[in-house]
């Protein structure tokens, strides 16, 4: 397996703390309460920045509302230049977000493609096992051979050897059929079990929602930046008021979305460091047993054999 990329190592190296500020292991384990709690604390960092920003904005608006002193009219060219520069920087950041969203989507599609190949391989193994079992059952003619050779002959020694060999082949064929039935029992498809197909279908459903929603949200942010540039350039109060209202809502949603993506990116980085370790530990997925023979201590095939 290829070593993890620099981004994966960087995300994996982020320190984790629980609510009592104790270090938590960065091994991917969504079933651990302490691990999920540490991700929640990391996700709260953008939310905390949002709260501080909103409090600062509230204090600024309060001071402006309470300020009754008349002010001389000044040139606002400096403010316009500052707004334009900040807006352009925000547009560049949004463009980077669009690139990252598309790159993530392409990577997820590659994962789905590899997963479908594994699913097809598992299905092929299941079909071949059923076919082999059917062929063995339908082509067992050892009893007929035993009847043919069980006749008087002058060479009793050769007859004894042949009959013994026929019985051995018959017994081995019966054992093979029983073993194939046991394997078919373990790899049978069941609607009540979690399989690779179920996992892929669920992941594809959420990805089909995540990608267009994120794309649309970033496009709306770009539209708001465009409205701000137009409002500043033309000194349009209507455009500036529109941006003030919807821009505040967009910034709030952007920080909340950043919280979700931060926790998800760190968890994904932990998973990508050692994906096999977590996948092989999922005993609820029966496909793992016959794609990792000998690596799982409770492998039903090994116990059966």
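Coordinate-derived values only; no laboratory data. Everything numeric in this text was worked out from a predicted model, so none of it was measured. Cβ sites come from the backbone with ideal geometry, for glycine too, and all protein chains shown count toward neighbours.
See the values below:
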| quantity | calculated |
| --- | --- |
| Relative contact order, percent, the stretch 1-42 [alpha-carbon distance under 8 Å, six or more residues apart] | 33 percent |
| Cβ-derived FRET efficiency at R0 35 Å, residue 54 paired with residue 234, nearest 0.05 | 0.75 |
| Cα point-scatterer Debye curve for the stretch 75-124, base-10 log of I(q)/I(0) at q = 0.13, 0.29 Å⁻¹ | -0.54, -0.95 |
| Mean Cβ count within 10 Å, highest first, over the residues of peptides 37-47, 165-175 | 37-47, 165-175 |
| Inter-probe distance in nm under a simple model that places probes 7 Å from Cα toward Cβ, at residue 197 and residue 114 | 2.2 nm |
| Label-point separation in nm, residue 175 to residue 278, each point 7 Å along Cα→Cβ | 4.2 nm |
| For peptides 103-116, 240-253, sequence by mean Cβ density within 10 Å, most packed first | 240-253, 103-116 |
